């Protein structure tokens, strides 16, 4: 990253990391550069794929999803990985899916209305996917913090 991005790029990324809705004019003022330079740099960062689409953070709990869990999935055979991930993507309550090393081949993040709903997702959907050998689920009591990676 040090070769790709200069001081201005890194400062823009750090500002957006803490407040993605900050106006370009405010960023320009803070960095003591022109508004058009900020526009150009952000456009470049988007074009290079460093900045993705802007998203709002939804509070799942306030929408009625009281159970948050991480589930490790064991596969019958490694060859099932891609097809299992394709099927997992169809389950709306699964908001994240990761291909991982270790005891599990896949680790997913699920939001459910309650424990009964989670059980239905796991036993009526996930376990019925061809290639799934088993799961282990870890209930999350609370998210202590969540942040973007630091830009140095």
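Each value in this text was obtained by applying a stated rule to the coordinates, not by laboratory testing. The model shown is predicted, which means the values in this text are computed figures rather than measured ones. Positions of Cβ are backbone-derived with ideal geometry, glycine not excepted, and every protein chain shown enters the neighbour counts.
Under 16 Å from a label point 7 Å along Cα→Cβ of residue 138: give me every residue in segment 67-92 with its amide N that close.
68-74
Once the Cα atoms of helix 115-124 and of the chain are each reduced to a long axis, what angle between those two axes, in degrees from 0 to 90 to the nearest 10, is obtained?
70 degrees
Set the Förster radius R0 to 25 Å, insert the Cβ-Cβ distance between residue 127 and residue 149 as r into 1/(1 + (r/R0)^6), and round the FRET efficiency to 0.05.
0.15
Once you sort the root eigenvalues of the Cα gyration tensor of segment 7-47 as a ≥ b ≥ c, which label holds: rounded (a/c under 1.5), prolate (a/b larger than b/c) or oblate (the other case)?
Verdict is rounded for segment 7-47.
Residue 32 to residue 47: extension gain in nm, 0.36 nm per residue of separation minus the Cα-Cα distance?
3.0 nm
For Kirkwood radius over Cα pairs in Å, pick the label among (i) 16.8; (ii) 16.0; (iii) 18.4 that corresponds to the value derived from the coordinates.
Among (i) 16.8; (ii) 16.0; (iii) 18.4, the one derived from this structure is (iii).
Using a/c under 1.5 as the rounded threshold, could you call segment 50-132 rounded, prolate or oblate? The axes a ≥ b ≥ c are square roots of the C-alpha gyration tensor eigenvalues, and prolate needs a/b larger than b/c, oblate otherwise.
It is oblate, given that a/c is not under 1.5 and a/b is not larger than b/c.
Hey, can you rank 83-90, 102-109, 29-36, 68-75 by average C-beta count inside 10 Å, highest first?
Peptide ranking by packing, descending: 68-75, 102-109, 83-90, 29-36.
For the chain, find the longest principal axis of its Cα atoms and tell me its angle to the long axis of helix 35-47, 0 to 90°, nearest 10.
Helix 35-47 sits at roughly 30 degrees to that axis.
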